[in-house]
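Notes follow the structure.
The values are calculated or read from the model by the stated rules, or taken from the named source; none is laboratory data. Given the structure is predicted, the values throughout are model-derived calculations rather than measurements. Neighbour counts run over all protein chains shown; Cβ positions are idealised from the backbone, glycine included. All accessible areas refer to the heavy atoms of the entire protein, side chains included, with ligands and DNA or RNA removed. Shrake-Rupley method; radii C 1.70, N 1.55, O 1.52, S 1.80 Å.
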Amino acid sequence: PARMGLRALALLLAGALLHTQASPSARSFQLDYEHNCFLKDGVPFRYVSGSIHYARVPRPAWRDRLLKMYMSGLSAVQVYVPWNYHETLPGVYDFTGNRDVEAFLDLTAELGFLVILRPGPYICAEWEMGGLPAWLLWKPDIILRTSNPAYLAAVDSWLHILLPKIKPRLYHQGGNIISVQVENEYGSYYACDYGYLRHLLGSFRALLGSEVLLFTTDSTRAEELRCGTLQGLYATVDFGPGSNVTEAFGAQRRVEPKGPLVNSEYYTGWLDYWGEAHASTSAAWVARGLEDVLQLGASINMQVSPFLQLTSLPWPGADYKDQYKPVTTSYDYDAPLSEAGDPTEKLFAIRTVISKFQPLPVGPMPPATPKYAYGWVALRKVSACLEGCAAPAWHCSAAQHPSLSLQYADLLDVLDVLCPSGPIQSQFPLTFEALKQVYGFVVYHTQLPWDVPDPATLGAPPHSICDRGYVMLQKEYQGTLERDGQTTLNVTGRAGDTLDILLENMGRISFGANTSDFKGLLGNLSVNSRPLSNWLIYPLAIDTAVQQGWLHAALPKSSSGGRVGPAFYTGTFETPGIAWDTFVKFPGWSKGLLWINGFNLGRYWTCRGPQQTLFVPGSVLHVGRPNNITVLELEGAPSPALLLFLDRPLYNRTLGCSTTAAV
């Protein structure tokens, strides 16, 4: 009888335990090392996830993109939090509007998603400096992603702001965040600083508690797994289609002999770099690799995935692979869900594979977003169509009006608007970081101290142009100096002639051996090896000038185009009663930036490619009143200066910069 009583008691306790694990008051998400799986509320579980960057999706489109992800069969989303997007200056935080990460997380919960959170502090994500704030480099001796005290102090300050917002949303607290990644692919970084990882582990545990699942992600290379993993952080791997799945997970097993198999970054596409062909990965290849992973019972997150959206300056980053390689403005690298939110063949192939392993949500996939080809727009403040044009004011052909005018101003003529605080005097050039200029552009101004009657070499020391310098002598454009490219120009002039170099930050390195990527003139310029001095340096606040409308008031000149050198062009256009998504093409333009209604839509570089259009979300357009357009063209505008609004993007057009792009 006593033995029976003990058996009955054991059954009662087991039943009570199962009830506790399944009840909402005792939610749990844990590792099961015995059965090599996750346990969600005590039940074996695996997730199929996709990455989404709320910072790259206009807030009005958050729900649409998430709903399409949900209908594709995903059970979870992986969410990046870029530190520099929220702490824009030391101690200055922004969680409003598109940066309202709490609102985004609440929306994922409303739509039924679990969340895998990637709060960094470094996230990569092809994002400016991998999400690390550029103001960290204001301390020249700082060593990023290490146990350096200055770096750790900044990290701790940030985590004490961010993680308390996260803690109430953890799964065991009643939220939907099932796991949190610590750092990102740290094994690929040169430092291999275990003290740094231990510090992060302690900070995350102190702020989030002992129950949340913390993990790392690294490639399958043994050396990277050695430096990127730490006891107390569950180690996962990343690999793409075409990999031998058994071998890839074998690498994970060498550092995690037990526990669930996890691919935290399954690549459904790859990166686009300026000057290289548009990336393309076949739907069949992606689907086959996904099925191989799921057949092993593994969990997976799809990266560069169905769910990524436009990016705007200053956020695109760069890789360093033997040379500096800036990434394009668009983050649509042949994604299953396009930049404009359109389901693609690849998305449906992924959905079909998922359906073999778990039920799909009931209902149809939401349709593609509506788009409109608004047609030709001339950059001028008055109507683009003159007398005799039958088309509406927003749709005009260049052939009908070859002499359409526009408003423009040379950049050097509006420095008082772009730099209202005035220049900084320095004997030698100063970096962006020394100037506390985080992003954008800086003008370096001096004078020739002697006559240069014969062509002389204007040059810079190796690796000191970061990243592109547009050279003007007596306000006449001479050419461009470029990082890892052309670093000399021939010039002539007289003593006292003005010399101006407009320096452009093309994006700090987000992946590579070193993320300490200083910008500007890192060394002095010289003429025939004789150094120049006595610089006036103008940090430019172009975004502010555009958003405040100062440039529209400061552009007095009229031109039919054909200008060379850095200049602003402005104009307006009206939509025909609708504000739908659209794409802007720049026929005949060279390189520059576009703003519509003060919204920075990013960088175009039509002569370098592969990206030929910029995505314009309908949410930034006005209906019933003019839309203000501002273009900063850096090298040379066409004549006439026209933009073409299309209903589709154009890629894969890598051209020579001396070639005029065809319409």
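When the criteria are applied in full, Leu67 fails the requirement of being touching a residue at least 60 places away in the same chain (Cβ under 8 Å), among the aliphatic types (A, V, I, L, M), crowded, with 19+ Cβ neighbours inside 10 Å and in a helix (DSSP H, G or I). It is to be established whether one or more residues within the range 20-35 are buried (at least 16 other Cβ atoms within 10 Å of the Cβ) and at pLDDT below 95. So far as the range 20-35 goes, yes, one or more of its residues are buried (at least 16 other Cβ atoms within 10 Å of the Cβ) and at pLDDT below 95.
Cβ-Cβ contacts under 6 Å between residues 6 or more apart (or on different chains), taken from a first residue in the range 218-244 that is in contact (Cβ under 8 Å) with a residue 40 or more places away in the chain and open to solvent by less than 10 Å² (accessible area, probe 1.4 Å) to a second residue that is hydrophobic (A, V, I, L, M, F, W, C) and assigned to a loop (DSSP other than H, G, I, E, B), are listed as Cys227/Cys192; Leu233/Val182. Kindly provide the set of residues from the range 339-352 that are in contact (Cβ under 8 Å) with a residue 40 or more places away in the chain and part of a loop (DSSP other than H, G, I, E, B), ordered by number. Glu339, Ala340, Gly341, Thr344, listed by residue number.
Restricted to the range 115-141, and to residues there that are open to solvent by 20 Å² or more (accessible area, probe 1.4 Å) and at pLDDT 95 or above, the residue that is farthest from Arg56 (Cα to Cα) is Trp138. Only one of the numbered conditions (1) over 27 Å from Ser516 (Cα atoms); (2) touching a strand residue (DSSP E or B) at 6+ places or on another chain (Cβ under 9 Å) is violated by Asp94, and that is (1).
Could you look through the range 160-175, keep only residues that are crowded, with 17+ Cβ neighbours inside 10 Å and not aliphatic (A, V, I, L, M), and pick out the one that is nearest to Gly209 (Cα to Cα)?
His172
Taking (1) modelled with pLDDT of 95 or more; (2) open to solvent by 10 Å² or more (accessible area, probe 1.4 Å) in turn, Val584 satisfies each apart from (2).
Residue by residue, here is whether (1) closer than 27 Å to Arg508 by Cβ; (2) in contact (Cβ under 8 Å) with a residue 60 or more places away in the chain holds:
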{"position": "Leu415", "(1), (2)": "yes, yes"}
{"position": "Gln425", "(1), (2)": "yes, yes"}
{"position": "Tyr439", "(1), (2)": "yes, yes"}
{"position": "Val442", "(1), (2)": "yes, yes"}
{"position": "Thr446", "(1), (2)": "yes, yes"}
{"position": "Thr457", "(1), (2)": "no, yes"}
{"position": "Ala460", "(1), (2)": "yes, yes"}
{"position": "Gly479", "(1), (2)": "yes, no"}
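Filter the range 587-612 down to residues that are among the basic types (Lys, Arg) and assigned to a loop (DSSP other than H, G, I, E, B) and give me whichever is surrounded by the most Cβ atoms within 10 Å (Cβ to Cβ). Only one residue fits best here, namely Lys591. Identify all residues within the range 484-501 that are surrounded by 13 or more Cβ atoms within 10 Å (Cβ to Cβ) and of a type in the set (A, V, I, L, M); write none if there are none. Matches in the range 484-501: Leu489, Val491, Leu499, Ile501. Residues that are of a type in the set (Val, Ile, Thr) and either in contact (Cβ under 8 Å) with a residue 60 or more places away in the chain or touching a strand residue (DSSP E or B) at 6+ places or on another chain (Cβ under 8 Å) (or both) within the range 623-652 comprise Ile629, Thr630, Val631, listed in sequence order. Suppose we filter the range 142-159 for residues that are touching a Ser or Thr at 6+ places or on another chain (Cβ under 9 Å) and open to solvent by less than 30 Å² (accessible area, probe 1.4 Å); how many remain? Summing the residues that are touching a Ser or Thr at 6+ places or on another chain (Cβ under 9 Å) and open to solvent by less than 30 Å² (accessible area, probe 1.4 Å) in the range 142-159 gives 6.
Of all the residues in the range 188-206, those that are touching a Lys or Arg at 6+ places or on another chain (Cβ under 7 Å) and assigned to a helix (DSSP H, G or I) number 1. Of Gly112, Gly175, Gly120, all but one fail to be under 28 Å from Val237 (Cα atoms) and either under 18 Å from the mean Cα position of the chain (by Cα) or part of a strand (DSSP E or B) (or both); the exception is Gly120.
In the range 43-62, the qualifying residues are those that are surrounded by fewer than 18 Cβ atoms within 10 Å (Cβ to Cβ) and farther than 21 Å from Arg253 by Cβ, and the one that is modelled with the highest pLDDT is Val43. Of all residues in the range 256-277, those that are crowded, with 23+ Cβ neighbours inside 10 Å and modelled with pLDDT under 90 total 1.
Let's see how each residue does on (1) out of contact with any helix residue (DSSP H, G or I) (no Cβ under 7 Å at 6 or more places or on another chain); (2) open to solvent by 30 Å² or more (accessible area, probe 1.4 Å); (3) part of a loop (DSSP other than H, G, I, E, B); (4) at pLDDT 95 or above:
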| residue | (1), (2), (3), (4) |
| --- | --- |
| Ile354 | yes, no, no, yes |
| Gln358 | yes, yes, yes, yes |
| Val377 | yes, no, no, no |
| Ser383 | yes, yes, yes, no |
| Gly388 | yes, yes, yes, no |
| Trp394 | yes, yes, yes, no |
| His401 | yes, no, yes, no |
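The test for being among the hydrophobic types (A, V, I, L, M, F, W, C), assigned to a helix (DSSP H, G or I) and closer than 30 Å to Ala26 by Cβ does not hold for Phe249. Considering only residues in the range 509-522 that are open to solvent by less than 40 Å² (accessible area, probe 1.4 Å) and at pLDDT 95 or above, the one that is nearest to the chain's Cα centre (by Cα) turns out to be Lys519.
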